[in-house]
Each structure stands twice: as C-alpha cells, then as structure tokens.
Amino acid sequence: MAITMLSSASFHRLTPSISTSLPLIPSTVSSLAKCIPTTSRHKSSYITTFALKKPLQQQTMETVEETDETETVLYSASPLPLLLLAALPGAGTVRSLFGPFVELVKSWGLPDWLVHWGHPGNMAVVLFAMGGYGTYLGFRIRFSDDVEEKAMAKDLHPKLLAGMFFFFALGATGGVTSLLTSDKPILESPHAVTGLIGLTLLAIQTALPTLFEGNPGLRNVHGILGSGIMTLFLVHAYLGLQLGLSY
C-alpha cells in the first residue's frame, strides 16, 4: 500500500483541528515519540504522537489499578530455645551441684546393676508406654471418624505427652546421677546431646496447641514435629544403650 506523505504546509494547516480533537499530551510524550525509531512504513515520527489517545499519567494509574494484589505470609522460628541451651551450665557446675546427692546415693549401698540400669529401664517405660501411646492418640485425633474415640483421644493425648516431658526431665537427673556415681563424664556423649535437644523440642511441641485457634495450619506442624521427636528419642534410647554397654 502506498503511503501519502504530508507536506510541511498542509501539516501546519491541519494542526489547529487536530489540537482541538485530541487531549493535551505532555511534553515528555512528545520527546518520547521523537526517540522512537521510524520504519520504512512510517516515515514521520509525529504519526506516533497521534496514536496516543490518553495522557501518560492516566495510563500509568490504570495499569496500577489492574495489577492483582497478592498477600505474602511469613512464618518465623524463635531462636530462644537455642539461647536456652547455650545458657545451660557446664559439666563442672553440674558436678558440683549434684555432688552432695551423689555421695548420698553411694552411701545407700544400692546394687550396681540398679544404679547402672535403673535410669535406662525407667526411661524406656516412659518412652514406649506414655510416648508411644500418646503418639497413637495424636494420630487418632487427626484421622478417626468416631466422635467418642476422638473426644477421648483429645482428653488423654496432651496429658500423656505432658507426663512424658515431666518424667524425661526428671529422668535426666537420674542419668546424670548414674554417670557420676560411676565416675564417668557427663554432657559430652551423643546420648546427652540428643536428650537436651529432645527436651527442648518437647517444650516447643507443648506450646503449639495454644496457637491452633488462630493458626489452623500449625496442626500439621504439630503432627510432623511430634513424629520427629519420637524418632529422635528412639535414636536417643539406642545411644543410651550403647553408653550403658560401654562401661
């Protein structure tokens, strides 16, 4: 198709009529149009100016209004449990605190097998009886269709796991006492490290149900974390058995 070229004189005659029919275009648009390279089919750069129907500012505002709004939810984990672990006393301090009680236990003349294996035996009962059954009830809360069973599980599950935390924390003192009565090092073994990590995670796990009402997604976190804690304590028990057999 042939393109008709406008002469300079005819363009000046058309300018008044064009200015009355088109909206005002900012000077920045005119300079922008001059910067656009011309092609062989468009010989004059002012043709691009005529194609602009709306001011540049109005077009920008409409583009912003058409953009879909998205919401980003960020979850964060508190470092306070790690700071608590860092603030725990060292082995020397623990030895000095337990010293009088260790001497008292030695004076009782208890059988060596009881002092040596009493702590592992008690903790195994707590882990498999309270922890194992409590974990089972937690899964029944999530997947059971029986209303009565679910109500019973909701009542018993937190009690069992709270008892597990209490007896594990109390049993830790028994483990330290057992090692000290045998003049063995404490807090250096993998068994001791996994025990401290497990107790910290249990404390977090106990606090999560208080946040369920405002954050339903935390129920999944609670279930996954609970399964992970039980796995960790199984590893902890295996490491404890190895420690007991080592002396």
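A few notes on this one:
- Exclusive hit being in the same structural domain as R95 (by TED's automatic domain parsing) and modelled with pLDDT of 95 or more, set V176, V235, V221, V193: V235
- Residue match in segment 162-172 (condition: buried (at least 18 other Cβ atoms within 10 Å of the Cβ), over 20 Å from W117 (Cα atoms) and of a type outside the set (D, E)): yes
- You will find that of G244, G223, the residue that is over 21 Å from L137 (Cα atoms) and surrounded by 12 or more Cβ atoms within 10 Å (Cβ to Cβ) is G244 and no other.
- For segment 179-188, the criterion of being under 26 Å from L239 (Cβ atoms), assigned to a helix (DSSP H, G or I), out of contact with any strand residue (DSSP E or B) (no Cβ under 8 Å at 6 or more places or on another chain) and of a type in the set (S, T, N, Q) is satisfied by at least one residue.
The values are calculated or read from the model by the stated rules, or taken from the named source; none is laboratory data. What you see is a predicted model; the values in this text were computed from it and never measured. Note that we place each Cβ from the backbone using ideal geometry, even for glycine, and neighbour counts take in every protein chain shown.
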